Amino acid sequence: MRKSRLFSLLCAFWPGAGEMYLGLMKRGIGIMTLFWLVFAIGASGIFPWIIFILPVLWFYSFFDTLTLRNLDYYALTELQEKDEYFFQDLLGGKFTLGDAVEKYHVLLGAGLIFAGVLSLYNRLVRWFWRSHLIPQWVYDFLDYLPSMVLSFAVIALGVWLIRGKRMPADKVEDYPQYGEREDSGKEKSHDKRSA
């Protein structure tokens, strides 16, 4: 059945709805869930900077819907038959959500603990300040502390990535100097024989 091009364009403005209208339910549900999850995390104040991901998700969904609606009937039907969540390509294509949670459970758990501690920290600092148990300058310092720690962590990660993995001294390969040929020793011995 041919889908309405106008209605698919209107659905494209709502992240995930266009994909769902075109019959790709898992892809649409995945995009919509991720969009609103990021929105909820950003609006809750735990990680307000995460909201910068929303335009990326919106544009991805919008142009994905426009691309899908321009496919011919047979190509769209083939995509509908192998409907996958859109993030499965990022996880290697063969993973399900349960497999991803099982494989990355430590990282997911650490992220959830970090989010919970940060949320609890924010609530407690604000409660202590409102009850006038701490002075303004201490509140200001404690309010900026998580962002400062995160900034230092990002800088440390950048330095670690730039430095890269160091090879042990016994594994370092000896490269010839510029202009020197590897078989120069063979040529010298050959020159002595010909002379």
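Tabulated data for the structure shown
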{"item": "Lone qualifier among 22, 91, 76, 34 - being at pLDDT 85 or above and farther than 30 Å from residue 126 by Cα", "result": "22"}
{"item": "Selected residue [at pLDDT 85 or above, within 28 Å of residue 150 (Cα to Cα) and aliphatic (A, V, I, L, M)] from 113, 51", "result": "51"}
{"item": "Residues (in contact (Cβ under 8 Å) with a residue 24 or more places away in the chain, out of contact with any Ser or Thr (no Cβ under 7 Å at 6 or more places or on another chain) and surrounded by 13 or more Cβ atoms within 10 Å (Cβ to Cβ)) located in segment 45-59", "result": "47, 57, 58"}
{"item": "Residue match in segment 6-18 (condition: touching a residue at least 40 places away in the same chain (Cβ under 8 Å), outside any helix (DSSP H, G or I), surrounded by 21 or more Cβ atoms within 10 Å (Cβ to Cβ) and over 23 Å from the mean Cα position of the chain (by Cα))", "result": "no"}
{"item": "Every residue from segment 60-83 that is part of a loop (DSSP other than H, G, I, E, B) and either touching a residue at least 12 places away in the same chain (Cβ under 8 Å) or of a type outside the set (D, E, K, R) (or both)", "result": "70, 71, 83"}
{"item": "Inter-residue pairs, beta-carbon under 9 Å, first farther than 14 Å from residue 41 by Cα and in segment 100-116, second surrounded by 12 or more Cβ atoms within 10 Å (Cβ to Cβ) and of a type in the set (S, T, N, Q), 6+ apart", "result": "100/88"}
{"item": "All positions within segment 128-147 that are part of a helix (DSSP H, G or I) and farther than 20 Å from residue 47 by Cβ", "result": "128, 129, 130, 136, 137, 138, 139, 140, 141"}
{"item": "Enumeration of residues in segment 22-56 that are of a type in the set (A, V, I, L, M), outside any loop (DSSP other than H, G, I, E, B) and touching a Leu at 6+ places or on another chain (Cβ under 8 Å)", "result": "31, 34, 38"}
{"item": "Positions within segment 127-140 being surrounded by 13 or more Cβ atoms within 10 Å (Cβ to Cβ) and either assigned by TED's automatic domain parsing to the domain that holds residue 45 or closer than 24 Å to residue 153 by Cα (or both), in sequence order", "result": "138, 139"}
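The values are calculated or read from the model by the stated rules, or taken from the named source; none is laboratory data. All values derive from a computational prediction rather than experimental measurement. Here Cβ is always computed from backbone atoms with ideal geometry, including for glycine, and neighbour counts include all displayed protein chains.
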